[in-house]
Amino acid sequence: MARLEIQLTLPNQLTLLRIILTPVFVLLLMSGSPLYMQLSLVVFVIAALTDWYDGWIARKMGHSSRWGKFLDPLADKILSSAALLTFVGLNLVDGWMVWIVIARDFLITGLRSYAEYLDRPIVTTKGAQAKTFGQFVVIYYILILHVARSVPPVYQEFGPTIDALMHPKVLFGMMLLVTLSTAGTGIAYVFDNRKVLRELYERIRPAT
């Protein structure tokens, strides 16, 4: 069994930067200051871009590592979960749906990390990739429109349209789709990787 050694290559440093930027984004968005709220969008975009850039560098320069494969999806989940929880705090989305999404994401991330540790990596399915893409589309949708409300010229010009797009029923429907797709791909993940789960159970059973 191979050890999961920490390797601070450039891609991994960018991944760590994404984790560090996450609380900065949350504090700015929750501040209530129009300027800080607008800066939160910039910080979120920068954090999200590190995900694309660290993957590009890893592929281009051959800096892919087992540590990076563990840390990168974890950083994504931290960023997306922080954004969704902040939306709950701002009364934009329902907490119960967000908690389902977060529970599933960290459960599967833990499963993937354990499989990686056993040198039995789990390949991300097309459905899971589509789920992640849809999740970030909804996050960007809510974040951009919420921040747009803090820009007086924009809100004066497009206020009614923004309010219509941010109507609670619209956001509820979007989050419901995200929640259902997230739960569905989670169930598929568990079913497809039941052998890894069984092996995990066998390993921890003697200690209980």
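The values are calculated or read from the model by the stated rules, or taken from the named source; none is laboratory data. Here the structure is a predicted model, which is why all the values come from computation and not from measurement. Cβ placement follows ideal geometry from the backbone for every residue including glycine, while neighbour counts extend to all protein chains displayed.
Some notes on this structure:
- Subset of the stretch 39-63 [surrounded by 16 or more Cβ atoms within 10 Å (Cβ to Cβ), at pLDDT 95 or above and not aromatic (Phe, Trp, Tyr)]: 39, 40, 41, 43
- Of residues in the stretch 1-20 being buried (at least 19 other Cβ atoms within 10 Å of the Cβ) and modelled with pLDDT of 80 or more, the one nearest to residue 85 (Cα to Cα): 18
- Some residue of the stretch 142-155 being buried (at least 16 other Cβ atoms within 10 Å of the Cβ), within 19 Å of the chain's Cα centre (by Cα) and more than 19 Å from residue 88 (Cα to Cα): no
- Residues of the stretch 156-197 classified as more than 17 Å from the chain's Cα centre (by Cα), modelled with pLDDT of 90 or more and among the small types (Gly, Ala, Ser), total: 3
Residue by residue, here is whether (1) closer than 14 Å to residue 84 by Cα; (2) in contact (Cβ under 8 Å) with a residue 24 or more places away in the chain; (3) assigned to a helix (DSSP H, G or I) holds:
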| residue | (1), (2), (3) |
| --- | --- |
| 133 | no, no, yes |
| 146 | yes, yes, yes |
| 150 | no, yes, no |
| 158 | no, no, yes |
| 164 | no, no, yes |
| 175 | yes, yes, yes |
| 184 | no, yes, yes |
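- For the stretch 83-101, a tally of residues being farther than 12 Å from residue 171 by Cβ and surrounded by fewer than 19 Cβ atoms within 10 Å (Cβ to Cβ) returns 6.
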